[in-house]
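Scroll down for the structure; my scribbles are underneath it.
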Amino acid sequence: MTTNKITPKELNERLKRNEKVLLLDVRAEEKYQAEHITAPQIENFNIPKTIIFEMEETKEERKFPFQKKQEIIVTCTTGNSAAKCASILSSLDYQVKVLEGGLTAWKEYQKSRKE
């Protein structure tokens with residue numbers, strides 16, 4: 001199954017167009033609290049990857065604060081955990097995309113725009 005990806009540049013373009021974005025950060029809560037992507041158009045959710053991995057093992061679906069038909073952009077530090085979580089969520093019919101390179105790539109992209 002191929003995972004849909006979105007680049008930091010594409011995400012930035014969406015924000016510039018004032019599009020509403022649903023962002024799911026799957027890092028541990030303390031990492032999320034320390035820093036995450038913010039913008040007025042972003043609706044942020046933090047659901048640690050362990051919870052999503054657990055769903056795959058138990059086959060038990062949880063109630064999430066978002067709808068299956070909404071597009072969800074999944075992110076983590078580098079994109080690896082996000083890809084695994086996106087694959088699990090996708091198998092449960094969620095519309096997911098992975099932020100390519102995760103938070104690390106996002107910060108690099110933001111930095112390169114300022115230089």
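The values are calculated or read from the model by the stated rules, or taken from the named source; none is laboratory data. As the structure is a prediction and not an experimental result, all values here were calculated from the model. Reconstructed Cβ throughout: ideal geometry from the backbone, glycine too, with neighbour counts over all protein chains shown.
Might you check whether a residue that is small (Gly, Ala, Ser), loosely packed, with under 13 Cβ neighbours inside 10 Å and out of contact with any Phe, Trp or Tyr (no Cβ under 6 Å at 6 or more places or on another chain) occurs anywhere in the stretch 89-98?
So far as the stretch 89-98 goes, yes, one or more of its residues are small (Gly, Ala, Ser), loosely packed, with under 13 Cβ neighbours inside 10 Å and out of contact with any Phe, Trp or Tyr (no Cβ under 6 Å at 6 or more places or on another chain).
Just the residues that are touching a helix residue (DSSP H, G or I) at 6+ places or on another chain (Cβ under 8 Å) and assigned to a strand (DSSP E or B), please, taken from the stretch 87-115.
Val96, Lys97, Val98, Leu99
For (1) within 24 Å of Lys111 (Cβ to Cβ); (2) more than 10 Å from the chain's Cα centre (by Cα); (3) at pLDDT 95 or above; (4) surrounded by fewer than 15 Cβ atoms within 10 Å (Cβ to Cβ), each residue gets a yes or a no:
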{"site": "Pro8", "(1), (2), (3), (4)": "yes, yes, yes, no"}
{"site": "Asp25", "(1), (2), (3), (4)": "yes, no, yes, no"}
{"site": "Thr58", "(1), (2), (3), (4)": "no, yes, no, yes"}
{"site": "Lys68", "(1), (2), (3), (4)": "no, yes, no, yes"}
{"site": "Cys85", "(1), (2), (3), (4)": "no, no, yes, no"}
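Under the condition of being among the polar types (S, T, N, Q) and assigned to a loop (DSSP other than H, G, I, E, B), which residue from the stretch 70-83 is surrounded by the most Cβ atoms within 10 Å (Cβ to Cβ)?
Out of the qualifying residues, it is Thr77.
Counting only residues that are charged (D, E, K, R) and surrounded by 17 or more Cβ atoms within 10 Å (Cβ to Cβ), which one in the stretch 27-56 is farthest from Ala105 (Cα to Cα)?
Among them, the one singled out is Lys49.
List the residue pairs whose Cβ atoms are under 8 Å apart, where the first residue sits in the stretch 99-115 and is of a type in the set (Phe, Trp, Tyr), the second is surrounded by 20 or more Cβ atoms within 10 Å (Cβ to Cβ), and the two are 6 or more positions apart or on different chains.
Cβ pairs passing all conditions: Trp106/Pro8; Trp106/Leu11; Trp106/Ile37; Trp106/Thr75; Trp106/Leu99; Tyr109/Pro8.
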